[in-house]
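Undergrad: Okay, here's the structure, questions in a sec.
The values are calculated or read from the model by the stated rules, or taken from the named source; none is laboratory data. Computed from a predicted model, the values in this text were never measured in an experiment. Here the Cβ positions follow ideal geometry from the backbone for every residue, glycine too, while neighbour counts run over all protein chains shown.
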Amino acid sequence: MLPGVIGLVQATETVKLLLGKGQSLVGRLLVYDALKMTFREYAQRRDPRCALCGEHPTITGPAGAGAGAVAAAATTAAPVCGLGS
């Protein structure tokens with residue numbers, strides 16, 4: 001049951017991000033307690049030292065990717081990291 005619940009949350013977040021609809025979990029951590037069947041939500045702050053979305057990112061694209069993939073990754077890094085905006 002746990003993989004189904006988490007998979008559903010992940011699929012819903014993906015659809016929301018792709019469609020630009022609703023309020024995504026960007027900047028928030030969702031914790032699921034399967035024994036109690038409860039969710040908890042925690043606000044997350046952007047880490048300025050983050051290798052992906054920080055002030056001086058060192059991850060600029062997928063390893064071994066060409067220039068096109070790096071450019072595409074740069075435009076999507078903030079939503080993936082979740083804290084770039």
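Undergrad: For segment 7-23, what are the residues that are under 14 Å from the mean Cα position of the chain (by Cα) and assigned to a helix (DSSP H, G or I)?
TA: Once the filter is applied, which keeps residues that are under 14 Å from the mean Cα position of the chain (by Cα) and assigned to a helix (DSSP H, G or I), segment 7-23 yields Val9, Gln10, Ala11, Thr12, Glu13, Thr14, Val15, Lys16, Leu17, Leu18.
Undergrad: So which residues in segment 32-60 are farther than 30 Å from Met1 by Cβ and exposed (fewer than 13 other Cβ atoms within 10 Å of the Cβ)? If you could, list the steps in order and put the result at the bottom.
TA: Step one: list which residues in segment 32-60 are farther than 30 Å from Met1 by Cβ, which gives 45-60.
Correct list: Arg45, Pro48, Arg49, Ala51, Glu55, His56, Thr58.
Undergrad: If I go through segment 24-44 residue by residue, how many of them are within 13 Å of the chain's Cα centre (by Cα) and part of a loop (DSSP other than H, G, I, E, B)?
TA: 5
Undergrad: For the condition of a type in the set (A, V, I, L, M), at pLDDT 90 or above, in contact with an Asp or Glu (Cβ under 9 Å, 6 or more places away or on another chain) and surrounded by 10 or more Cβ atoms within 10 Å (Cβ to Cβ), what is the one hit in Leu29, Leu8?
TA: Leu29
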